[in-house]
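Written below as structure tokens is the structure these notes are about.
Values in this text are rule-based calculations from the coordinates and carry no lab data. Predicted, not measured: the structure shown is a model, and the values here were computed from it. We place every Cβ from the backbone using ideal geometry, glycine too, and count neighbours over all the protein chains shown.
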Amino acid sequence: MSKPPARKRRPRAAPKRRHRLSSGELKTNLVVLAVIIGASLAVLFTRFSLNPPTEPVTRPVTVDAPVAVAPDPAPATRPAARPAARPGPAPTHTTPSVVSTPSVAPTRPAKPTPPPARSPIPTVPSSPPERPRPGKSRGTLIFVFDDAGHNLAQLEPFLRLPFPCTIAVLPGLQYSKDAARAARAAGKEVILHQPMQAINKTMDPGPGAIREGMTPAAIRDQIQKNLAELGPVSGINNHEGSLITADRVAMGVVLDVARESGMYFLDSRTNAKTVAPLVARERGFTIWERAVFLDNIQDRDSIVEAVYTGMKIAERKGAAVMIGHIWSNELAAILTDMYPELASKGFSLSTIARVATDKDLAE
């Protein structure tokens, strides 16, 4: 048998020689490795110093929760975090919460302080108009407005006057009953404005008048009829009547009816020779007399001057009766404007019935 051919052996490769680093290369590599390790450590140190562990971060969140209601919480924490990074992580987040709370606290107490300063202000202007009245009165002003009953339009401004006054209603006219009712409903005092004959006989005093030559019985009947027409009234004053107020007999009947009915009599003094005061003294009956006519001249300055005259009389005598007329266009507006001044100067405004009820003025 023939032998198998011998396998050819491949020549072995010569072993590679390993490169040995020289001392210079070894040093270079070590330096590079040291630089890489140092840079890594620096990065880690910086990350931990700027961003502390999660636990300290969560605690300020709970502390800053109430402060979050205040505006702009972020700007307060960011600037404070950078300077506080060096001392340590804990002070970095505690200081903003402490600093922010006092910044909010002082603003809230500052607001309640203005209201106490403002609250006394409304009480000052409201009290002065009220207080002069109960104090020492310089006198009583009594305003009487004649000739109501012709219409209601002229009466309306006087019913809105902000002080007590008296409306004298004429009898027998279209609006006599309505005027008396409206005045009572407005809280004003109502009296009978009794028409009487004037010395100038061409002047018609109107329906329900006491005329020259009437008997005492006729005078009595006419007055009682007029009183029944108007309803409850507090007194009587004369409309015109310069002739009748100088007649002792006629005035005796008028005063008797007033006294028997429990009413007062106001002499308008249309005649300087009136006998009403004399007849009243004979009967022991107190009557009232007009001190000033307000609208003899119907302009503002004259009316204001007439009121000032009445104020002087009231200060001297204790009271003054001032008579105006419903048909006087600006009278109600002028008196409304003057009312605060009258009150502030210490004058009380009333009616004859009220004054007589409180206290009879003794001479």
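Relative protection proxy for 242-252, 150-160, from highest mean packing down: 242-252, 150-160 (other beta-carbon atoms within 10 angstrom). Residue order for Glu305, Glu240, Glu25, fewest other beta carbons within 10 angstrom first, comes to Glu25, Glu305, Glu240.
For the stretch 174-199, the residues whose backbone nitrogen is under 15 Å from a point 7 Å from the Cα of Ser261, taken along Cα to Cβ, are 177, 180-181, 190-196. Take every pair of alpha-carbon atoms less than 8 Å apart whose residues are at least six positions apart; their mean separation over the length of the stretch 185-232 yields a relative contact order of 34 percent.
Full extension of the segment from Leu33 to Glu341, taken as 0.36 nm per residue of separation minus the current Cα-Cα distance, would add 100.5 nm. Which residues does a label at Ala153 reach in the stretch 294-329, if reach means a backbone N under 19 Å from a point 7 Å past the Cα toward the Cβ? The answer is 325-329. Packing order of peptides 267-277, 294-304, 188-198, highest average first: 188-198, 267-277, 294-304 (average count of other Cβ atoms within 10 Å over each peptide's residues).
Size of the stretch 130-358: Rg and Dmax of its alpha carbons, in Å, are 16.9, 53. Put a dot 7 Å past the Cα of Thr286, heading toward its Cβ, do the same for Leu41, and the two dots end up 11.8 nm apart.
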